[in-house]
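In what follows, a structure is listed as structure tokens, so that the remarks can point back to it.
Rule-based calculations on the coordinates, nothing more; no lab input. Since this is a predicted model, take the numbers as computed values, not measurements. Cβ sites come from the backbone with ideal geometry, for glycine too, and all protein chains shown count toward neighbours.
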Amino acid sequence: MSLPIRARLTLWYVGLLALVFLLLGGFLTLRLHTGLLGGLDEGLATRAAQISLGLQNGCEGEFQDVSDASLVGLPQGESGAQLLSPEGKVLETTGDPAAEQPLLSAEQIATAMAGSTVRQTVRAGPDEEEFRLLAVTLPSKTCPGVIVVATSTDEVRRSVRELLLQLSIGMPVALLVAGFGGWWLAGRALAPVARMTREADTIGIERLDERIDIPSASDEIRRLAVTLNAMLDRLERGVEDKRRFAADASHELRTPLAVMRAELDVSLRDADLSSSARDALESAQEEVERMRGIVENLLMLARADDGSLELLRMSLDLAEVTAAVAGNAAALARPKDITIATEGPSVMVVADRVRIEQVVMNLVSNAVRFSPVGGRVELTTWVRAGGAGCTVTDEGPGVPPELAGRVFERFVRGDAARANDGGSGLGLAICREIVAAHDGRIWVDARPGAGGSFSVWLPLQAPADVAV
């Protein structure tokens, strides 16, 4: 599952900062360790030089005194010195007991005897303690050998451990603070995007004249807002062109359809028509009537789009409307032996009777069309939430949940079986426009396999600016 961009930005920010901290912590730890060892090497070199200088006149009886004086300043009990013969034998020793055993290998002794300084970290003594040692050859020919000065690295390791402890505590705290800071900064940075998302979400097909507020800052967010507004401009022009075309085409089609209908009526009055010719003319008449209905529906939708849908509001009883519709729809239900029943109380609303009857008739026609043979269609009136309404239920296949949100859109007819039922896909869209013009609501209860259920709610009172 993809994380929100705010969370991703915060995680990337914290991850990058953690990588920087790890690299910086590793660098600081390495530098501290190297620096402290360098300091030990300098101190050991100074002590080795002092011992070498004190033994210029010979080794007899001098090494102990010179070494003890030179080791002052190094950790007491953790430092030592030894004098090794060229063969690797310990000639003299002082300080830590670890110096009683040779601290150099034969190869390292040979390197020191060749004049090179040997610096090495070794483990010595019964406890395998870690020592840093420095070995140089004695310049005196009277006392050939190698001076080895060693001191424990406990202080170095203690300092490194202290730094690692501080880093292990400080880094998570710093990352936690940085995470909260990154989350807050990402929220501030994305706040304009969230605002534009909310504004764009409210712009529907009926509100394409609205635009998104453009931020004042000249950045990517501003360019996004400008791009979205330009897209809305194109959508608005496209929708307006589509609506204008539908309205113009509907107006232009009314006259030829009326002429065709009149000519068909005249032709059907001819008593000399053969039965086949009469059947053909009657079929053409039915198709012309169907086309006329589609054109009238398109015209009504065009009027609803431009706000010119006229309503003749009056007080009416929804129970009377449902009873009248049930009577008119009886002819539609008779071929399938469908029962149309009405029930519910008498409820008064202020509405256009013709338009409301058109809405209920559309719903009943759909219910009859999709009901099985011998089924039942019920029209129920009710009062609820400051308004009144009616519900039309049938025993058909119902509306799938995935279609419930789009069933009132224009030219939406669901599955292939319904697409071939002869409907135009405009009936429910017309119902929605008429109900919306009355400040009401229409909805469907998606009940797959349990029948269709469409409800209409109308306010009990007319708007204040409408004369009844």
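Structure above, values below:
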| read-out | value |
| --- | --- |
| Answer label, with Rg and Dmax of the Cα atoms in Å calculated from the coordinates and candidates (i) 23.5, 83; (ii) 48.9, 155; (iii) 21.3, 64 | (ii) |
| Cα shape, the range 1-157, gyration tensor, a/c 1.5 rule | prolate |
| Sites matching trypsin sites (Lys or Arg not before Pro) across the range 229-279 that sit in DSSP coil, with at most 12 neighbouring C-beta atoms within 10 Å | R269 |
| The range 105-168: GluC sites (Glu not before Pro) in DSSP coil with no more than 13 other Cβ atoms inside 10 Å | E128 |
| Distance (nanometres) between label positions extended 7 Å along Cα→Cβ at R406 and R441 | 2.3 |
| Cα→Cβ-extended label distance, 7 Å offset, between R161 and R376, nm | 8.7 |
| Sum of side-chain charges, V347 neighbourhood, beta-carbon under 13 Å (Lys, Arg +1; Asp, Glu -1) | -2 |
| Summed side-chain charge close to E129 - residues other than E129 whose Cβ falls under 15 Å, Lys, Arg +1, Asp, Glu -1 | -4 |
| Prolate/oblate/rounded label for the range 220-305 (Cα gyration tensor, a/c 1.5) | prolate |
| The chain - charge dipole about Cα centre, Lys and Arg +1 at Cβ, Asp and Glu -1, debye rounded to 20 | 760 |
| Under 13 Å from the E199 label point (7 Å along Cα→beta-carbon), backbone N, the range 209-227 | 210-217, 221-227 |
| The range 313-459: Rg to Rh, with Rh as the Kirkwood radius over Cα pairs | 0.94 |
| Cleavage-rule hits (GluC sites (Glu not before Pro)) in the range 209-288: DSSP loop, at most 14 neighbouring Cβ within 10 angstrom | E210 |
| Fully extended contour minus Cα-Cα distance, from E210 to V226, at 0.36 nm per residue | 4.4 nm |
| Cβ-Cβ FRET estimate between S218 and I169, R0 fixed at 35 Å, reported to 0.05 | 0.20 |
| Neighbourhood charge, 12 Å Cβ-Cβ cut-off, centred on M291 and excluding it, Lys, Arg +1 and Asp, Glu -1 | 0 |
| Burial ordering of F454, F27, fewest other beta-carbon atoms within 10 Å first | F27, F454 |
| Under the span-like rule (Cα at least 18 Å along the axis, Kyte-Doolittle mean at least -1.0), DSSP H helices of the chain | 5-54, 154-202, 220-268, 275-305, 353-370 |
| Whole-Å distance, taken between Cα centres, linking the range 142-189 and the range 217-270 | 72 |
